[in-house]
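Working notes, beginning with the structure itself.
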Amino acid sequence: MNKYFLTGICIFFLSHVFAQGDFIVKGKIEFEKKTNIHKQLAMEDEGFRSMIEKMTPPTKTTYFDLYFNDKKTIYMPGREVATTMKVPEWIDGPATDNVVFTDLSQNVITSQKTIFEDVFNIQDSLRKAHWKITPDTRTIAGFECRKATTIIMDSVFVVAFYTEQIVTPGGPESFNSLPGMILGLAVPRLNTTWFATKLELVNVKDNTLMPPKKGKKIDLKSLQSTLNNAMKDWGKMGSKNIWQITI
C-alpha cells in the first residue's frame, strides 16, 4: 500500500481520536519542574548557607507526566534525570514525587504524597481557586497560553498559563479549573516552576486514569491540621513544608 496513503489514514485517525475540531481532548503532557535550591537556603545563616551551596546544585530539575482525557487527569513522576549532586531531603522538603488524580466531572481529587517517612492517600474535592485572567500571553510547548493568577492558602501567590486548545481544565499537581489546560505554573514562595515541554497525542486508556491506592487515607483538612500541629515550632521551614505538601 502506498506510504502516503497510510500516512493520510494515520493523520485522519489521530485527528478523529484526539481532537474535536481544532481542540485536543486526550493525550500526554511532559512537565519540567525546576526548583531553585539555593534560594531555598535564603533563610539560613550566611556561613552555613555558603557551605551548603557548595554541596548542592543551584537548581533541581525533575520531570512529570500528565495523562488526560476530557474528564480525568493523572499527574505522576516521569523520566529520571542523571545528576552528580544530590539535594539533601531537609532542603528538598517533602512531597516531591506526588501522584495526583482528578475527576473533573465528579469534582474529586486523590493524591498520593510521601511526607517524610509516611505515605498518605489524600482524598478531597477540587480546590476552589479564584483565578484572575489577564491579557498577557506566552507560548509554551508550541501552544499560545493566557496568563492567570490566584492566591491559595491565604497568602501563596500562583501564576499559571493555560491554553484553550487543550480543552481539559486540568494542570500539574492539584491546579485546575481554568478554561483549558495549564501548561505553565510558578509558585514564587516555593521558588518552583512547572512548564510543559511537549504534548504527545497518545490514546490514553481508561485504566491509566485511575486514582492511586497506596498510602494512609485522609482528607485535606485533617492533613492540614496534623501538619500545623507537627510543624508549629518550625518557623519559616515549617510554613514552606506545609505549602509544598498542600499544593
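Looking at this model, which pairs from 33/221; 147/198; 128/236 are more than 21 angstrom apart at the alpha-carbon? Write out the running numbers ahead of the final one.
Values: 33/221 26 Å; 147/198 19 Å; 128/236 26 Å.
The pairs that break the limit, which is 21 Å between Cα atoms, are 33/221; 128/236.
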Seminar exercise, completed: In nm, the gap between the two label points placed 7 Å beyond Cα toward Cβ at residue 65 and residue 210 is 1.6
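With N set to the number of residues, divide the alpha-carbon radius of gyration of region 76-203 by 2.2 N^0.38 Å and report two decimals.
On the way: Rg = 15.5 Å, N = 128, 2.2 N^0.38 = 13.9 Å.
Against the empirical 2.2 N^0.38 Å value, I get 1.11 for region 76-203.
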Problem set entry | Mean Cβ count within 10 Å, highest first, over the residues of peptides 164-170, 187-193 | 164-170, 187-193
Problem set entry | Reach of residue 214 by Cα under 15 Å, taken over aspartates and glutamates that are not fewer than 8 positions away in the same chain | 97, 117, 118
Problem set entry | Given charges at beta-carbon only (K, R positive; D, E negative), |dipole| of the chain in Debye | 180
Exercise. In a solvent-free Debye calculation with one equal scatterer on each Cα, what is log10 I(q)/I(0) for region 22-246 at q = 0.12, 0.15 Å⁻¹, listed in the order of the q values?
Worked result: -0.66, -1.05
For this session: Starting from the Kirkwood radius over alpha-carbon pairs of region 138-247, derive D by Stokes-Einstein at 37 °C in a medium of 0.692 mPa s and give it in µm² s⁻¹.
Result: 205
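Any read-out appearing in this document is the output of simple, stated calculations on the displayed coordinates, not a laboratory observation. Just so it is clear, the structure is predicted and the values come from calculations on it, not from any experiment. Cβ atoms come from the backbone with ideal geometry, glycine included; neighbour counts cover every protein chain shown.
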